1. Could you list the chymotrypsin sites (Phe, Trp or Tyr not before Pro) in segment 168-221 that lie in coil according to DSSP, counting only those with at most 14 other Cβ atoms within 10 Å of their Cβ?
2. Treating only the Cβ atoms of Lys and Arg (+1) and Asp and Glu (-1) as charged, compute the dipole magnitude of segment 138-257 about its Cα centre; round to the nearest 20 debye.
3. At q = 0.20, 0.23 Å⁻¹, what log₁₀ I(q)/I(0) does segment 178-258 have when each alpha carbon counts as one equal point scatterer in the Debye sum?
4. Going by Cα centres, segment 173-195 and segment 201-224 are how many Å apart?
Amino acid sequence: MKIDKHKLLNYVFIFAISMFLATAVYGATRAIVPRADTEGSIGTAAKKWGHVYTVDLTATNAMTGSVTGNAGTVTGFTPASGSLTLAGADALTITTTGATNSTLPLGTKTLVATDVATLSSLTSVGTLTTGDANAIIKRTLGIAIVGTDTAVAIATSTSSNTASVSLNGMNVTNAICSVEDKGVTGTTEVALVRRRAGADVYVFSTNITLGDEFFATDETINTSNDDIATGDTFTWEIKGVHSGTAPNGLDCNFIASN
C-alpha cells in the first residue's frame, strides 16, 4: 500500500496542534471533577485508598479522624473538640503578630514559664501579685534553747521569736531540733507554742522526738494552729528528756512560708 506522505504530514501536524492546544488550555493533566459541585467521593468508608500524595490540600469542612505527620506550619487550626497533643521533647511555639492575643485554656492546671524575657499581658489565669516577697520566700526562725555544754531538762524556753509584719499571713510549714551530744535511752520531746492575745496553743499535733540521733524533724503540723499573725510569739517547750543520759545542747528552728 502506498502511503501519501503529504497526508501523513498533515495528520501529524493536526495532532501536534491539538496536543498543544490541549496543554495550553487544560495543562499537562486534566482535572478530575464531579458532574456537580459537592457530589461524589474518592474512596468510600468501607474501601479507603492506602496513601494520598499531594502538594496542597484545601478542604471546606472540618476534617474527621486523625491527621498524623509533620507540618512546617499549621494555619487556621480551630478544633471544635478533642485536643492537640505534642509528643517528644519538642517545644510548642505560638507566634502572634501585632495586637493578636493567644489564649491557653488551662482549666485548673498551672502554666509554668521559664526563660521569659518579658511578660506584658497575662489575664484569666489567676491573680498576679507584684512585689509580694512572701509568695516566693521561706523564712527560718530559730532559738538556741540550751547551751552546748548544758544537759537538756524539762522546761519552757525563756527566749521567744516574735512575728514581724513580714511574716503576717504565713504558716508554720516545717521544724527541726538538733543537739550537741545525743541522749541515751528513751527520747527527748519538744513542742512549739504559739502565743496570741494572751492565749497559748500548740503548733504541732505530734511533737518533735529525738531518739538516738543528733537531729529530728518528725513533727506533724496542726493546721488549725499553724497560721502566723503580726505580734505572735513562739516559744519551745521541752516536754520530755531521755531517761538514761540527757543530751547536751538544744537548738530548734521552724520555717514560715506562704
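Coordinate-derived values only; no laboratory data. Everything quoted here is computed from the prediction, not taken from an experiment. Note: ideal-geometry Cβ built from the backbone for every residue, glycine included; neighbour counts use all protein chains shown.
1. Here the sparse-neighbourhood loop sites are 214.
2. Roughly 380 debye for segment 138-257.
3. Computed log10 I(q)/I(0) values: -0.87, -1.05.
4. 7
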